[in-house]
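> Handing you a structure now.
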Amino acid sequence: RGIAVISDLVLNHTSDQNPWFTDSLAGTGHEDWYIWSATNPGYGGPDGQQVWHPGGKRWYYGQFGAGLPDLNLRNPAVTAEMEAVARFWITTVGFDGFRLDAIKHLIEDGQTQVNTPETHAWLQAFRTTLHDTAPNALLVGEVYDLAEAVAPYVPEDVDMAFDFGLAQATIDSIRRGDAGPLNGAFAEDARLFLPDEGASFLTNHDQSRIASQLREDPAALRLAAGLLFTDARTPFVYYGEEIGLTGEKPDEEIRTPLAWTGQAPAAGFTTGTPWESLAPGWETRNVAAEAADPTSLLSAYRDLIRLHDGHRALWAGSIEPLRASDSAVAAWLRVGQGEQLAVVANLSEQPVTGATLDLDRGPLCGESTARVLYQGGVADPGGVALTPAAIDADGGFRNWTPLTVLPARSITVISLGG
């Protein structure tokens with residue numbers, strides 16, 4: 001089908017049922033493949049959790065619990081094995097890259113347990129080795145941390161990293177109906193990252209689902225999807241977000257089966273017994289039902305994907321924040337590849353009238369025209385009256401009111417022709 005596939009790759013730890021660990025525990029092999037201490041060092045992890053666990057007469061380090069002992073990546077044999085594992089999936093199976101799990105935890109330095117210099121050095125060597133085998137293999141890093149800590153991982157350690165700050169800001173802005181968090185995240189990203197270094201998302205397998213966080217509000221979920229596909233990062237969708245799948249912690253309830261149909265007992269997910277029950281509402285919240293409904297959340301996602309893929313400025317262009325007169329409005333330009341697009345989002349639950357936009361200095365030139373490419377849940381809507389921006393000598397504009405009224409919880413994408 002011409003689809004590139006990247007897989008999760010866990011470099012930091014294994015199961016305690018892995019033969020490497022059972023050998024190491026018994027002293028029958030793989031002796032230095034894990035991190036052992038003759039006595040309990042007595043300190044906890046970054047979040048105060050227990051990280052040292054009893055194993056026979058010794059103690060072993062496991063950042064994520066006793067069942068997930070950390071590998072000793074200081075051991076060259078372990079590093080060589082993990083490189084071989086990666087090569088296998090790339091060369092034998094044919095994967096196109098990896099999402100690298102929990103990479104800030106790879107190598108500890110005593111009680112300094114995250115983001116150590118040795119971790120960065122190890123990743124840089126790993127990336128070089130993998131790219132020697134497959135130059136185009138994509139490495140996406142999961143660094144669950146503040147942007148200041150994430151930035152040093154790109155582009156030397158990994159090709160791009162998940163933007164946790166932007167994800168949280170997106171949710172916060174929608175909840176509050178206030179562009180402040182989103183504008184703050186954009187400013188921070190502009191200072192720390194290049195556009196192609198970031199991977200954007202709404203939620204992932206470690207977080208309560210976006211539909212639950214936004215109380216299953218259809219307009220808010222469409223708005224969140226619109227923000228995801230129009231910012232300057234590479235968008236990632238956690239399965240089920242596109243149909244409004246719900247779920248809150250614990251982990252089992254945010255990893256429930258995807259409902260493909262409305263047919264019992266397993267909604268097309270399997271002919272066997274799924275490991276978890278289906279999430280509530282599966283009878284109508286399923287792929288078949290939503291694919292047949294042009295007003296569904298799934299249809300909105302499909303429209304946004306087509307919009308994103310059909311306009312190069314949305315996936316290969318720069319981003320220029322715009323200053324809005326109303327705190328409920330977030331706006332920015334996407335410029336590149338011969339296109340100039342303005343994105344205007346009303347984050348509030350009420351329509352906004354007469355909002356103006358300013359750009360002090362920008363990449364625009366000449367007289368502009370304006371055409372709506374997307375608004376709310378409608379791709380290429382007709383009959384939307386627009387006022388073109390008056391471009392000044394600095395490539396910007398003042399007091400531009402593109403639309404008299406911005407609908408509640410809406411996102412509008414406008415093509416600015418020259």
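> Can you list residues whose amide H is under 5 Å from Arg99's amide H, if they're 5+ apart or on another chain and H is modeled 1.01 Å from N?
Ser7, Asp8, Leu9, Val140
> If I compute solvent accessible area with a 1.4 Å probe over the protein chains, what percent of it on the chain is carbon and sulfur? If you can, show how the numbers build up before the last one.
Working: 9710 of 18740 Å².
Within the chain, the accessible surface is 52 percent carbon and sulfur.
> Any idea what the relative contact order of the chain is, in percent, if you count C-alpha pairs under 8 Å spaced at least 6 apart? Walk me through the intermediate numbers first.
Working: 854 pairs, mean separation 40.3, N = 418.
Here the relative contact order equals 10 percent.
> 7 Å from Cα along Cα→Cβ at both Asp8 and Arg323: what's the point-to-point distance in nm?
Using points 7 Å along Cα→Cβ, the separation is 4.5 nm.
> Just flag the trypsin sites (Lys or Arg not before Pro) in segment 166-244 sitting in loop per DSSP whose Cβ has no more than 15 other Cβ atoms within 10 Å.
Details: sites: Arg175, Arg176, Arg191, Arg209, Arg215, Arg222, Arg233; in loops: Arg209, Arg215, Arg233.
Hits after loop and neighbour filter: Arg215.
> Further, regarding this structure: Can you compute the modelled spin-label distance between Phe88 and Glu253, with each label point 7 Å from Cα toward Cβ, in nm?
The answer from the label model is 3.7 nm.
> Now for a different question. In debye to the nearest 20, how big a dipole does the chain give about its Cα centre with +1 on each Lys and Arg Cβ and -1 on each Asp and Glu Cβ?
So the dipole magnitude of the chain works out to roughly 700 debye.
> Where in segment 237-252 does the amide nitrogen come within less than 13 Å of the point 7 Å from the Cα of His205, taken along Cα to Cβ?
In segment 237-252, the label zone of His205 (backbone N under 13 Å from the point 7 Å along Cα→Cβ) covers 238-240, 251-252.
> Further question: Using a simple charge model, +1 on the beta-carbon of Lys and Arg, -1 on the beta-carbon of Asp and Glu, nothing else, what dipole does segment 282-406 show about its Cα centre, in debye to the nearest 20?
Details: 9 positive and 15 negative charges, 28 e Å.
The dipole magnitude comes to about 140 debye.
> With axes computed from alpha carbons, what is the tilt in degrees of helix 218-228 against the longest principal axis of the chain, rounded to the nearest 10 within 0 to 90?
Here the helix axis deviates by roughly 80 degrees.
> Pulled fully out, how much extra length does the chain show between Ala390 and Thr295, if you take 0.36 nm times their separation in residues and subtract their Cα-Cα distance? Spell out each step's value before the answer.
Working: separation 95, 0.36 × 95 = 34.20 nm, distance 3.48 nm.
Full extension of this stretch gives 30.7 nm more.
> Can you tell me the length gained on complete extension of the stretch Thr128 to Gln17, counting 0.36 nm per residue apart and subtracting the Cα distance?
Working: separation 111, 0.36 × 111 = 39.96 nm, distance 3.07 nm.
Once the chain is fully extended between Thr128 and Gln17, it gains 36.9 nm.
> Against the longest principal axis of the chain, how steep is helix 164-176, in degrees 0 to 90 to the nearest 10, with axes from Cα atoms?
Between the helix axis and the principal axis of the chain, the angle is about 50 degrees.
> Something else now. Tell me the GluC sites (Glu not before Pro) within segment 117-197 that lie in a loop according to DSSP and have at most 14 other beta-carbon atoms within 10 Å.
Details: sites: Glu118, Glu142, Glu148, Glu156, Glu188, Glu197; in loops: Glu142, Glu156.
Those satisfying the criteria are Glu156.
> So if a site counts as exposed when it's one of the chymotrypsin sites (Phe, Trp or Tyr not before Pro), its DSSP state isn't H, G, I, E or B, and it has at most 13 other Cβ atoms within 10 Å, what's the longest stretch of the chain without one?
With a cap of 13 other Cβ atoms within 10 Å, the longest stretch comes to 44-238.
> Another question, if that's okay. Can you tell me the 0 to 90 degree angle between the C-alpha axis of helix 180-192 and the longest principal axis of the chain, rounded to 10?
So the helix axis and the longest Cα principal axis differ by about 60 degrees.
> Hey, rough spin-label estimate for Asp32 and Ala80, points 7 angstrom out along Cα→Cβ, what's it come to in nanometres?
It works out to 1.3 nm between the two label points.
> Run through every distinct alpha carbon pair of the chain and return the Kirkwood hydrodynamic radius in angstroms, one decimal place. Intermediate values should be presented prior to the final figure.
Numbers: mean 1/r = 0.0423 Å⁻¹.
Its Kirkwood hydrodynamic radius stands at 23.6 Å.
> Right, another one. Given R₀ = 51 Å, FRET efficiency for Ala288-Gln337 by Cβ-Cβ distance, to 0.05?
Rounded to the nearest 0.05, the efficiency is 0.90.
> While we're on this one: So, R0 is 56 Å and r is the distance between the beta-carbons of Arg398 and Gln50; what FRET efficiency does that work out to, to 0.05? Please list the in-between numbers first.
Values: r = 58 Å, r/R0 = 1.04.
So the FRET efficiency works out to roughly 0.45.
> Could I ask something else about it? Based on DSSP H runs of at least 4 residues, each adding -39500 (n - 2.57), what is the mean residue ellipticity at 222 nm of the chain after dividing by all its residues, to the nearest 500 deg cm²/dmol?
Details: 11 runs with 106 residues, N = 418.
Estimated from H runs of four or more residues: -7500 deg cm²/dmol.
> Per residue, how much accessible surface does the chain expose to a 1.4 Å probe? Answer in Å², no decimals. Before the final figure, lay out each step's value.
Working: 18740 Å² over 418 residues.
On a per-residue basis, 45 Å².
> Taking 0.36 nm per intervening residue step and subtracting the Cα-Cα distance, what contour gain separates Cys365 from Arg175 on full extension?
Additional length available on full extension: 64.8 nm.
The values are calculated or read from the model by the stated rules, or taken from the named source; none is laboratory data. Here the structure is a predicted model, which is why all the values come from computation and not from measurement. FYI the Cβ positions are ideal-geometry reconstructions off the backbone, even for glycines, and counts take in every protein chain you see. We work out accessible area using only protein heavy atoms, side chains counted, and drop any ligands, DNA or RNA first. Shrake-Rupley method; radii C 1.70, N 1.55, O 1.52, S 1.80 Å.
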